[in-house]
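A short reminder: the numbers here are calculations on the coordinates, not readings from a lab. In this text the structure is predicted, and so the values were computed from the model without any measurement. Here the Cβ positions follow ideal geometry from the backbone for every residue, glycine too, while neighbour counts run over all protein chains shown.
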């Protein structure tokens, strides 16, 4: 069964596909340098391999699911769901915040859409510590080294998958240097639900400076 479809508006994934089918899909091996599959490489999905994508998105608390959601948030994923017999498009953060009110037997999911990628994109997934993950997506102009379309997502035992918007905004349209990156990460801000830990800062600094 074909579980992915490339269209002009991005890569569409059938949400009735299992996580094992995602792992075996060639299109996902190529999309964003295989970023989604890294969630499965770095975590043990053997006990949930036959879960569907819809079931995974409707569940929280499992580290394997957090790793996957961390990456999907970095890729600006959208969910197509049936609500009151009508198709509804939900940005993934909106769906996640409202999913407890949308039982799958009444509000089934159809597809997960990953928007098209830009040609100068860089995609990274890293394990900060046990059950603690980081995903980074950003475009870098090959000559000017100016960053754009920055997505930084962290999840862990004490943090649900969360975009680190304050750091994204500080780095957007900036020429990336080690000094600029470190200043963006370490600057104080109350904009996060939970401040970045020293460990999270160190891993993010390591991942981003490796791109410079």
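Overview of values
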{"item": "For segment 1-56, projected area of the alpha-carbon convex hull averaged over all directions, nm²", "result": "3.8"}
{"item": "Scaled radius of gyration (Cα, divided by 2.2 N^0.38 Å) that the chain gives", "result": "1.01"}
{"item": "In Å, descending, principal axis extents of the Cα set of segment 1-100", "result": "36, 33, 25"}
{"item": "In degrees, nearest ten, helix 63-74 long axis to first principal axis of the chain (Cα)", "result": "70"}
{"item": "Span from the segment 1-80 Cα centroid across to the segment 133-177 one, whole angstrom", "result": "21"}
{"item": "Per-peptide average of other Cβ atoms within 10 Å, ordering 65-72, 107-114 highest first", "result": "65-72, 107-114"}
